[in-house]
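Notes follow the structure.
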Ligand SMILES: Cc1cc2nc3c(=O)[nH]c(=O)nc-3n(C[C@H](O)[C@H](O)[C@H](O)COP(=O)(O)OP(=O)(O)OC[C@H]3O[C@@H](n4cnc5c(N)ncnc54)[C@H](O)[C@@H]3O)c2cc1C
């Protein structure tokens, strides 16, 4: 089963018995046949097909020492800086194949996070979690499981701690010898209806009073007590029209609210239980992994937008105008900025243990901070180049109306080499990608809202050391320079990983 094809993945998620999945208020049993979810399933599928396609399999496959076989990289534990860079490159490439978010990254980052966190806990004497986790990892790799990752709690009043409010954080209700019972909800969970399993993690640092909320586990989606309410996106009803220009063939992501109503999790799937001291470290490790990845997927979507903008400029004969060239150049600069910080976060990785590599946390947070801004700039520039038609084009149903088509072809014609239908198709592609949840809203809030990265930048950057450098150069004091070039402090994760060795 290692290295599934896309078809094998689709067959695996066809039938669900216990989970309840709701789309637009109605329960859906077969997610693979539902038009609302189909574009999302196709995007997931691309992650499987990539491991078999000649142009991408060198990135989409990796060797696993855990099962001594090649696995899909989406289940791989990074073993070198080059592995981390391959992640970013794979994500950029997959964006070209989907034009959308492909939804397997959160689960993948959760696997890598739990590998490190359970290992750190094992080094402090709690060996069970690590042993359970490695068994689970082998199962995921052997079966090429589609994972979602659920970190974000619904959080209620943001300024109150978990124990200070009701129903805002997922909670351990009961612990037995066999397992645990949990209740609560996780919000905005990418790809949840199309995933086979979900990995649940705490969303913030916790205190001893919050220990019932400090829990990490994995659970098959098809488990009694789990309910998924799939969220809406702009233009989503177009998917129900069964067209082939206005909505499909574009792929999308979906997100959902996942409700856990007294769900039983067997003990072999529990990877953290009331270890409140480790929840802050877990969040630090996960968020840096996830922020690094955005350098790949968002630069890949930007490539699609640049290509569509260039084509639309050609269709109306303006591609050589100096301001259009400047705008395209600016889009390239913004795109390559996001990508290069993601690559830097990978190649300047930090070795936390013999076989665990963590991304450079400063560069990872810079990557995501750029991603909170640049996609909006890129979308603005592409809207400028495409013209108002981006928001006003007739529908494919108008084009397919034999009475209207001659008028549309007559009045929307640009350079005669390009049929009007090509223009409409390209406009729709640009609209679906540049104004998508994946390129805009996810870029701001996915992997944490903008302020979350700025907090980390300030925590790592050593202003005192920078001040010492300035005081030295101003002849105000003698400075002992550190070995390290960058004026950076260590993260809590680095400190903890050094304490044990
Ligand atoms: C498209 C998309 C996909 C996602 N996919 C996943 C996923 O697969 N898995 C997952 O776990 N999560 C996922 N997320 C969730 C994401 O991580 C959260 O959206 C993010 O952490 C922000 O949380 P929030 O949405 O609750 O924002 P909010 O907390 O509601 O933030 C709103 C504003 O309040 C501010 N704020 C929040 N708390 C405080 C405070 N204490 N003090 C001062 N200001 C505060 C924020 O900075 C922000 O400006 C996804 C989000 C999106 C949009």
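The values are calculated or read from the model by the stated rules, or taken from the named source; none is laboratory data. Note that the coordinates shown come from a computational prediction; the quantities given were computed from them, not determined experimentally. Positions of Cβ are generated from backbone atoms using ideal geometry, with glycine treated the same way; all protein chains shown enter the neighbour counts.
Without any contact (Cβ under 8 Å) to a residue 24 or more places away in the chain and under 23 Å from residue 20 (Cα atoms): does that describe residue 195?
On the way: without any contact (Cβ under 8 Å) to a residue 24 or more places away in the chain: no; under 23 Å from residue 20 (Cα atoms): yes.
So residue 195 does not fit the description; no.
Contact map, segment 246-261: first residue on the phi < 0 side of the Ramachandran plot and more than 14 Å from the ligand (Cβ to nearest atom), second residue at pLDDT 95 or above and assigned to a strand (DSSP E or B), Cβ cut-off under 6 Å, separation 6 or more or different chains; pairs are 259/185; 259/227. Taken together, 427, 444, 456 contain a single residue that is part of a helix (DSSP H, G or I), modelled with pLDDT of 95 or more, within 16 Å of the ligand (Cβ to nearest atom) and crowded, with 19+ Cβ neighbours inside 10 Å, which is 456.
Would you point out the residue of segment 205-224, among those that are within 23 Å of residue 146 (Cβ to Cβ) and in contact (Cβ under 8 Å) with a residue 60 or more places away in the chain, that is surrounded by the fewest Cβ atoms within 10 Å (Cβ to Cβ)? Lay out the reasoning, then the answer.
Of segment 205-224, the ones within 23 Å of residue 146 (Cβ to Cβ) are 215-224.
Still in the list and also in contact (Cβ under 8 Å) with a residue 60 or more places away in the chain: 216, 218, 221-224.
Numbers: 216: 26, 218: 27, 221: 23, 222: 15, 223: 17, 224: 12.
Once the filter is applied, the top-ranked residue is 224.
Condition check: crowded, with 20+ Cβ neighbours inside 10 Å and in contact (Cβ under 8 Å) with a residue 40 or more places away in the chain. Does residue 383 satisfy that? Against the criterion (crowded, with 20+ Cβ neighbours inside 10 Å and in contact (Cβ under 8 Å) with a residue 40 or more places away in the chain), residue 383 does not qualify.
Give the residues of segment 155-192 that are touching a residue at least 60 places away in the same chain (Cβ under 8 Å) and assigned to a loop (DSSP other than H, G, I, E, B), sorted by residue number. Show your work before the answer.
Initial filter on segment 155-192 (touching a residue at least 60 places away in the same chain (Cβ under 8 Å)): 170, 172-173, 175, 177-192.
Once the filter is applied, which keeps residues that are touching a residue at least 60 places away in the same chain (Cβ under 8 Å) and assigned to a loop (DSSP other than H, G, I, E, B), segment 155-192 yields 170, 177, 178, 191.
If you go through segment 392-424 and pick out every residue that is under 22 Å from residue 251 (Cβ atoms) and surrounded by fewer than 18 Cβ atoms within 10 Å (Cβ to Cβ), you end up with 4. Meeting the requirement of 3 or more residues that are surrounded by 19 or more Cβ atoms within 10 Å (Cβ to Cβ), the strands (runs of 3 or more DSSP E) wholly within segment 1-100 are 61-64.
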